[in-house]
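Working notes, structure below.
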Amino acid sequence: MLKTRIITAVILLAVLLPVLFFNYFPAFAVVVTLFVGAAMWEGARLFGLAEMRARLVGIAGGVLFAVLLTHAAKPGAVNALYGAACLLWLIRYAPSLGLGLPPLGGAANWSLAITFSFAVFACFFAIVGLCQHSPLYLLSVMVLVWIADIGAYFSGKAFGKRKLAPSISPGKSWEGAIGGGIAVLAISAVSIVLAAGSPWLQDTFAYQLQARFGWTLALMVLLVIVAASVIGDLFESQLKRRAGIKDSSNLLPGHGGVLDRIDALIPVLPLAALIGSWF
């Protein structure tokens, strides 16, 4: 299993890093569109569509994303998309972690499916927008989520006692979530301090956040981003538990599906892109 995970990760890096850093937008747009289609297909399956219909949703989602990216990605409209997605996470998806999800197949389920598709679109538009700022800037936001996840894993292993959401993800604990938040604050603070002697660090989200808003507000925003990543992870786990499946798909051997890899990023990236528009 570990060998499979490593091989898949190496292949993904070999494809994604050149696409990010060679600054050739058409190739980047094609790769992002393929991931959008895969995510839409997986999402359709999580909400109960049969395989053939789910594939059609994936194809339609990819085509729609490509059309919007090419013809309708105006800054004002994109920022409105980010804001609407953040609002959906605040008033609809986060509360569902306590209130539960509607049954599969009903009108409430399809309503949730449509809005979640909207959130997925916002995530991928944010990937494009953040990358257009710079590939390093995009990666600096993603790294915050990865640090939170790694910090939560080791903190949970060492200190985890109080379950965060036992009915959704029994392995997650409050101690782990807090540890992930502390790791993000600590590493971000170090990177901001070191940026004075390392100019490349000045193009990171954490540095620009602190430069624009100061230490107190920057650290508070970083904690909100950690909380959003946890909510995204738990929400997708809730969808999978309701659907009775372990992974959103097996597209990425050893890693599950696209949604399994970006679940924590779906609420975080539109939030970061919206905040970044205020820099």
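At least 3 residues that are hydrophobic (A, V, I, L, M, F, W, C) and closer than 24 Å to SER237 by Cβ in each: list the helices (runs of 4 or more DSSP H) lying fully within segment 51-114 that qualify.
Qualifying helices (runs of 4 or more DSSP H): 75-88, 94-99.
Give the residues of segment 168-210 that are among the hydrophobic types (A, V, I, L, M, F, W, C), exposed (fewer than 15 other Cβ atoms within 10 Å of the Cβ) and free of Cβ contacts under 8 Å to residues at least 24 places away in the same chain, sorted by residue number.
ALA186, VAL190, VAL193, LEU194, ALA196
Report yes if LEU219 is without any contact (Cβ under 8 Å) to a residue 40 or more places away in the chain and outside any loop (DSSP other than H, G, I, E, B), otherwise no.
Yes, satisfied.
Rundown of residues vs (1) closer than 26 Å to PRO95 by Cβ; (2) touching a helix residue (DSSP H, G or I) at 6+ places or on another chain (Cβ under 8 Å); (3) of a type outside the set (Lys, Arg), yes/no style:
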position	(1), (2), (3)
VAL143	no, no, yes
ALA148	yes, yes, yes
PHE154	no, yes, yes
LYS161	yes, yes, no
PRO166	yes, no, yes
PRO170	yes, no, yes
SER191	no, yes, yes
TRP200	no, yes, yes
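Looking only at segment 42-97, filter to residues that are free of Cβ contacts under 8 Å to residues at least 24 places away in the same chain and of a type in the set (D, E, K, R); which one of those is most open to solvent (accessible area, probe 1.4 Å)?
Out of the qualifying residues, it is ARG53.
The values are calculated or read from the model by the stated rules, or taken from the named source; none is laboratory data. Being a predicted model, the structure only gives us computed values, none of them experimental. Cβ atoms come from the backbone with ideal geometry, glycine included; neighbour counts cover every protein chain shown. When the accessible area is computed, the model is the full protein with side chains, heavy atoms only, and any ligands, DNA or RNA have been set aside. Shrake-Rupley method; radii C 1.70, N 1.55, O 1.52, S 1.80 Å.
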